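The structure under discussion appears below in the form of structure tokens.
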């Protein structure tokens, strides 16, 4: 292994599931119009755009609770895995599916002792860039490594058009200059090269940037997408999600009933003439854990007794139904699932986007007066929450 030095140079309102069939279309369109009128208002750090929410960054968006020198924090050896075994196997599966080059040159950005590159990938070279020399030296996948602090200097010490693939695994939340880093990654990628960013919900709280800590998991996806799209030099980002799967039985937290660590992958190619022999998958297979149809129907039938969402089993909250000229609700309140990570809501963004309604999803709702389940549309995660009744 050779050590390098940093100085080396929409109109269709169709819905997806049976629940939505109970929605009165006039009510649905009325709520849509009402919500769209309010989208111009500032909602915390997120504002709506024509295609996806855009973040309003403040001066301290990328500040951290611990602003001490990163070289000190990461000097401690951590030869441990930060994800459970199922999540780790998912990471390898994503990399295996998306790296289609026969003998790629790969950069592991913000690397440690494990690059998660499956043995089926016969890389020409794998360079690791990170902040712990011992971990980098022990990484068996690396052919070369560089000690370099991206938060001090986001410039990457490599020539233009060097790599076929750049990987960043569970580290994007620590970047204090992400736009500069993504710009540099684009520079060193070959045309058509892949930048694959993978993250989860686990992190070092003290070193994660403020906007990441304050964002929901859904908003973190949108945040990474914005890192890709800011300069227009990458193709449209694609998304892979693996969430809600049962934790492995031999995991130390399995007895707590906690699901496997979620995995999110956002990826895009550098624009330009592609040299691959075959096209890269436009979207990796997405996984969302949902109960089988019979179990789902059983949960729906029990909603009037449990007041729990059948999709995530979280308790629903009482919600005051707003009355306006645009709506025709004949009840004063209903029960709504306000779990921002509910599979029904999470999948809804993509379902509605495929139907031409980008930036819209829906929440599972129960009308106790009529004893029926329905869906209420939401243009952002904060919608409806002002109507929660304590």
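The values are calculated or read from the model by the stated rules, or taken from the named source; none is laboratory data. Here the structure is a predicted model, which is why all the values come from computation and not from measurement. FYI the Cβ positions are ideal-geometry reconstructions off the backbone, even for glycines, and counts take in every protein chain you see.
Quick notes on this structure:
- All positions within the range 315-338 that are within 25 Å of residue 293 (Cβ to Cβ) and exposed (fewer than 15 other Cβ atoms within 10 Å of the Cβ): 315
- Candidate set from the range 117-143 (those that are touching a helix residue (DSSP H, G or I) at 6+ places or on another chain (Cβ under 7 Å) and surrounded by fewer than 20 Cβ atoms within 10 Å (Cβ to Cβ)); member that is farthest from residue 75 (Cα to Cα): 120
- Among the conditions (1) crowded, with 20+ Cβ neighbours inside 10 Å; (2) more than 21 Å from residue 292 (Cα to Cα), the only one that residue 310 does not satisfy is (2).
- Residue match in the range 81-95 (condition: in contact with a helix residue (DSSP H, G or I) (Cβ under 7 Å, 6 or more places away or on another chain), part of a loop (DSSP other than H, G, I, E, B), at pLDDT below 90 and surrounded by fewer than 20 Cβ atoms within 10 Å (Cβ to Cβ)): yes
Every residue, every condition in (1) assigned to a loop (DSSP other than H, G, I, E, B); (2) over 28 Å from residue 201 (Cβ atoms); (3) assigned by TED's automatic domain parsing to the domain that holds residue 215; (4) touching a strand residue (DSSP E or B) at 6+ places or on another chain (Cβ under 6 Å), yes or no:
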site	(1), (2), (3), (4)
310	yes, no, no, no
324	yes, yes, no, no
334	no, yes, no, yes
339	yes, no, no, no
344	no, no, no, yes
353	no, no, no, no
356	yes, yes, no, no
364	no, no, no, no
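- Residue that is surrounded by the most Cβ atoms within 10 Å (Cβ to Cβ) [pool: residues in the range 366-382 that are in contact with a helix residue (DSSP H, G or I) (Cβ under 6 Å, 6 or more places away or on another chain) and part of a loop (DSSP other than H, G, I, E, B)]: 379
Condition check ((1) crowded, with 20+ Cβ neighbours inside 10 Å; (2) in a helix (DSSP H, G or I)) across all residues:
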| residue | (1), (2) |
| --- | --- |
| 180 | no, yes |
| 190 | yes, no |
| 193 | yes, no |
| 205 | no, no |
| 212 | yes, yes |
| 224 | yes, yes |
| 231 | no, no |
| 240 | yes, no |
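- Residue in the range 150-166 that is touching a helix residue (DSSP H, G or I) at 6+ places or on another chain (Cβ under 8 Å), modelled with pLDDT under 95, surrounded by 20 or more Cβ atoms within 10 Å (Cβ to Cβ) and outside any helix (DSSP H, G or I) present: no
- Being surrounded by 12 or more Cβ atoms within 10 Å (Cβ to Cβ) and modelled with pLDDT under 85 holds for only one residue in 269, 341, and it is 341.
- Residue 232 fulfils the conditions (1) assigned by TED's automatic domain parsing to the domain that holds residue 160; (2) modelled with pLDDT of 90 or more; (3) at negative phi except for a single criterion, (3).
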